[in-house]
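J.: Here it is, the structure in full.
The values are calculated or read from the model by the stated rules, or taken from the named source; none is laboratory data. A quick note: this is a predicted structure, and the numbers were derived from the prediction, not measured. For neighbour counting, all protein chains shown are included, and Cβ atoms are generated from backbone atoms with ideal geometry for every residue, glycine included. Quick note on the areas: whole protein, heavy atoms, side chains included, nothing else; ligands and nucleic acids left out. Shrake-Rupley method; radii C 1.70, N 1.55, O 1.52, S 1.80 Å.
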Amino acid sequence: MRCDLNAGWRFSLSEGDTSVDFDDSGWQLVTLPHTWNAEDCAVGASFAEEKYYRGWGCYRQKIVINEFQRLFIEFKGANTVTELYVNGKFAGRHEGGYSAFRFDITDFAVRGENILAVKVNSAPTDYIAPITNQGDFTKQGGIYREVSLICAEPLHIDLLDYGSSGVYITPKNIKMEEADIEVAVRLANDTPKSREITVKAVIRGGDYEESAEKEIAVASGRSSVTLTVPIKDPVLWQGRENPYLYQAEITLSENSAVLDRRTLSFGIREYTIDPDEGFFLNGRYLDLRGVNYHQDSFENGWAMSDWQRERDYGLIADMGCTAVRMAHYQHDEYEYELCDKLGITVWTEIGIVNRMSPDDGEGHKLSAGFAENAVQQLTELIRQNYNHPSVIVWGISNELHQMTDEIFALYEELNALAKSEDKTRLTVYADNQFWGRFLELPADVVGYNRYFGWYKEAGGAENFGKWLDSFHGIKEKRPVCLSEYGGGGAISQHKDNINWNEDIDPCGVRHYENYQSRLHEVIWEQLSVRKYIWGKFVWCMFDFPSDGRNEGDTNGQNDKGLVTRSRIKKDAYYFYQSVWGEKPMLHLTEKRFDPRPALVPQVKAYSNADNAELFVNGASIGKIYGGSVFIWDNVQLKTGENELKVKSVFPDGTVLNDTVKWTGS
């Protein structure tokens, strides 16, 4: 039995007090999810100095428990170090800000009233990745995901298996006519004696149902059992085309009495990534194109609701994405479920960003506990997300720029761990060094973070394709993708006749929205014709808090998003919708650019029709045929108000119009 513990918490932005008789009535009343950085996460400072609060917060609650046998508290996520106290006694500690975790509180709870106290510390550490102030994003503190109380029988599906479901579903021997569904179940027997039970797995899909069961003796302690359920005519999980999900119900029973039950979704699919031909899902080529996504909402920061996640992934899907990279840490379980249902493939990774060591010297010695925590984070990531068909690669790091024998050896350990935990998926890392041993880090496939056309050290945007060709099959034999690319865009900033590659200041104020959209046009033209790039991930979907930045027209944010933090679509969003989306669309760009000169150098529209016609104050300026980007040069406006309309006609007869009013000057 599970019940949520989200309401009725008292909170203090301090280390607080965990004693039973402490009077917390003066503390703030909060509902989970909650972060104490919802207001200060984007105040802006510098990369050298963080202005948002990173430290202790304390939560307290009274709960009444009438009957129980085994009791667990589940946290979906709290950043960064969490300590639980039950009735004044220490009940557990978790180190890491992004995974789910559980504590067994059976020995601390009593029947009747219980006092829960949770201390959370978001202060930077030198051993929990991302360490110190590494990572270009604000690390928001608090119990920012949901919390539940779980009551279980003494013999149950293991609840202390790194926060996982305790059930691992692996489709095998996949053929058109049949497939085998292997169901591995981890068991916990918290009684002193062996017990005879029946383990049953039922697979359902539509009107279809098949099952298998075993009678086993479960010794005291932890053990596991594996069942295989053969099914006929499997329906494959085929991404956006057909994200078909089966249901698996696993039941433990003893003398016909049910002890425990889990119901999980899963998909049947297999994939390959070829160094020359790209990504194949179930033997069919699939263009993996998408975005990077940070957990964050403008309403309440990391303390997101499921509705906010649905809104965000709806925007991602409507743009035509087939893939998402969840940066730069494990995300909430519901995001993976959404991707399963939407058919969006997922790159998910642990929080190793930039550095493994706080040591600035050449030695880069790892801090005590770093390797153990990295292993823990990767194990949690894999076990908690094993059953999601959307997940295709496990990421080990992002933009590492330290290298020693010790670091390389840990990479080897982490890669081997991922291959041991999951023999069905590939490993990956995102690199921005491109030299020496950084090119030799162990992984099955590789991602490159490269910002041609934005940061001048990368070079002009028109050189992106040639640079990729110089690596593919030459410096890098493994399959390569673009894990990050893009540039900033401030929706209040526009400029006619932009001097390409010069009229911007990447780390300063000038972040013209129309520069960003043109940048993506130039880059996509090169990426779209290179099939060997197995994935293309724009950085990024939404502007997000990055306390160290003061750029564009906002402080404390990274504005490379295709959509603002307040979920206003930028022109670049519509460009990708025109080349990726399937629904008819039409968008006239630069609507926020007003007033305009009497002679507008360019009027531009995006559409996935093969034609667009522009009207100025009712008069046609011309109809253009071609693809996705439609440009009319030197468009004359009158002084004062002007109405511009663009019209596209689609093969099925659909007609779309988009308009803007500009003031001519």
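J.: If you find the alpha carbon centre of segment 229-268 and of segment 429-446, how far apart are they in angstrom?
T.: About 37 Å separates the Cα centre of segment 229-268 from the one of segment 429-446.
J.: Can I ask one more? What's the angle, to the nearest 10 degrees (0 to 90), between helix 513-527's Cα axis and the longest principal axis of the chain?
T.: It works out to around 80 degrees.
J.: How many percent of the accessible area of segment 578-624 is carbon or sulfur, using a 1.4 Å probe? Write out the running numbers ahead of the final one.
T.: Details: 980 of 1920 Å².
Taking all protein chains in place, segment 578-624 shows 51 percent carbon and sulfur surface.
J.: Sort largest first and round to whole Å: the equivalent ellipsoid semi-axes of segment 531-635, each the square root of five times a Cα gyration tensor eigenvalue.
T.: Working: eigenvalues 167, 84, 22 Å².
So the three semi-axes of segment 531-635 are 29, 21, 11 Å.
J.: Taking R0 as 30 Å, what's the FRET efficiency between residue 566 and residue 93 from their Cβ-Cβ distance, rounded to 0.05? Please report the intermediate quantities before stating the final value.
T.: Values: r = 37 Å, r/R0 = 1.23.
With a Förster radius of 30 Å, E is 0.20.
J.: With a 1.4 Å probe and every protein chain kept in, tell me what percent of the accessible surface of segment 297-416 is carbon plus sulfur. List each step's numbers first, then the result.
T.: Numbers: 1620 of 3300 Å².
Here it works out to 49 percent.
J.: To the nearest Å, what is the center-to-center distance of segment 449-464 and segment 580-648, using C-alpha atoms only?
T.: Going from one Cα centre to the other spans 29 Å.
J.: Using only the C-alpha atoms of the chain, find the volume of their convex hull and express it per residue in Å³. Provide the component values of the computation, followed by the final result.
T.: Working: hull volume 113.4 nm³, N = 665.
It comes to 171 Å³ per residue, whole-number rounded.
J.: Let me ask another. What is the percent of Cα-Cα separations in segment 156-310 that go past 19 Å?
T.: Considering segment 156-310, 64 percent of its Cα-Cα pairs are separated by more than 19 Å.
J.: Please list, or write none, the lysines whose alpha carbon is within less than 19 Å of the alpha carbon of residue 214, excluding same-chain residues fewer than 8 places away.
T.: 200
J.: Still on this structure: Suppose only helical runs count, i.e. DSSP H with n ≥ 4. What mean residue ellipticity at 222 nm does that imply for the chain under -39500 (n - 2.57) per run, divided by all residues and rounded to the nearest 500 deg cm²/dmol?
T.: Details: 7 runs with 89 residues, N = 665.
Rounded to the nearest 500, it is -4000 deg cm²/dmol.
J.: Given Cα positions, please report Rg to Rh for segment 450-497, the hydrodynamic radius being the Kirkwood one.
T.: Working: Rg = 14.0 Å, Rh = 12.6 Å.
Value, to two decimals: 1.11.
J.: Per residue, how much accessible surface does the chain expose to a 1.4 Å probe? Answer in Å², no decimals. Write out the running numbers ahead of the final one.
T.: Working: 25300 Å² over 665 residues.
I get 38 Å² per residue for this part.
J.: To the nearest 20 debye, what charge dipole does the chain have about its Cα centre, counting +1 at the Cβ of each Lys and Arg and -1 at the Cβ of each Asp and Glu?
T.: Numbers: 70 positive and 99 negative charges, 189 e Å.
Around 900 debye, computed over the chain.
J.: Enumerate lysine pairs in segment 393-491 that are 8 or more residues apart or on different chains, then count those whose Cα atoms are under 29 Å apart.
T.: Final tally of qualifying lysine pairs is 9.
J.: Can you pull the three principal axis extents for the Cα set of segment 58-165, in Å, largest first?
T.: If we take the Cα atoms of segment 58-165, the spans are 47, 28, 20 Å.
J.: Using only the Cα atoms of segment 278-347, what are the Rg and Dmax in Å?
T.: In Å, with Rg to one decimal and Dmax whole: 12.6, 42.
J.: Distance between Cα centroids, segment 5-37 to segment 274-300: provide it in whole Å.
T.: Result: 39 Å between the Cα centres.
J.: Right, here's the next one. Let me cross-check residue 107: its accessible surface, 1.4 Å probe, with only protein heavy atoms counted, in Å² to the nearest 10?
T.: Per-residue accessible area (residue 107): approximately 130 Å².
J.: With bins 10 Å wide starting at 0, give me the P(r) of segment 474-610 over every alpha carbon pair, in whole percents.
T.: Taking every Cα pair in segment 474-610, the percentages come to 11, 39, 34, 14, 2, 0.
J.: Accessible area, 1.4 Å probe, largest first: how do 1, 403 sort?
T.: Details: 1 160, 403 40 Å².
These residues rank, largest area first, as 1, 403.
J.: Can you tell me the order of 270-278, 587-595 when each peptide is scored by its average per-residue count of other Cβ atoms within 10 angstrom, highest first?
T.: The peptides rank, most packed first, as 587-595, 270-278.
J.: If R0 is 22 Å, what FRET efficiency do you get for residue 254 and residue 223 from their C-beta distance, rounded to 0.05?
T.: Numbers: r = 15 Å, r/R0 = 0.68.
Between residue 254 and residue 223 the formula returns 0.90.
J.: Then there's this: If the cut-off is a Cα-Cα distance under 25 Å, which lysines reach residue 365, setting aside same-chain residues fewer than 8 apart in sequence?
T.: Residue 365 reaches 139.
J.: Over every pair of different alpha-carbon atoms in segment 440-541, take the mean of 1/r and invert it; report that Kirkwood radius in Å.
T.: Evaluated on segment 440-541, it is 14.4 Å.
J.: What length, rounded to one decimal in nm, is gained on full extension from residue 372 through to residue 659, with 0.36 nm per residue of separation minus their alpha-carbon distance? Don't skip to the end; give the middle numbers.
T.: Details: separation 287, 0.36 × 287 = 103.32 nm, distance 5.74 nm.
This chain segment gains 97.6 nm when fully extended.
J.: Note down, for segment 291-450, the three equivalent ellipsoid semi-axes (square root of 5 times each alpha carbon gyration tensor eigenvalue), biggest first, whole angstrom. Walk me through the numbers before you get to the answer.
T.: On the way: eigenvalues 162, 55, 46 Å².
Ellipsoid semi-axes (Å, largest first): 28, 17, 15.
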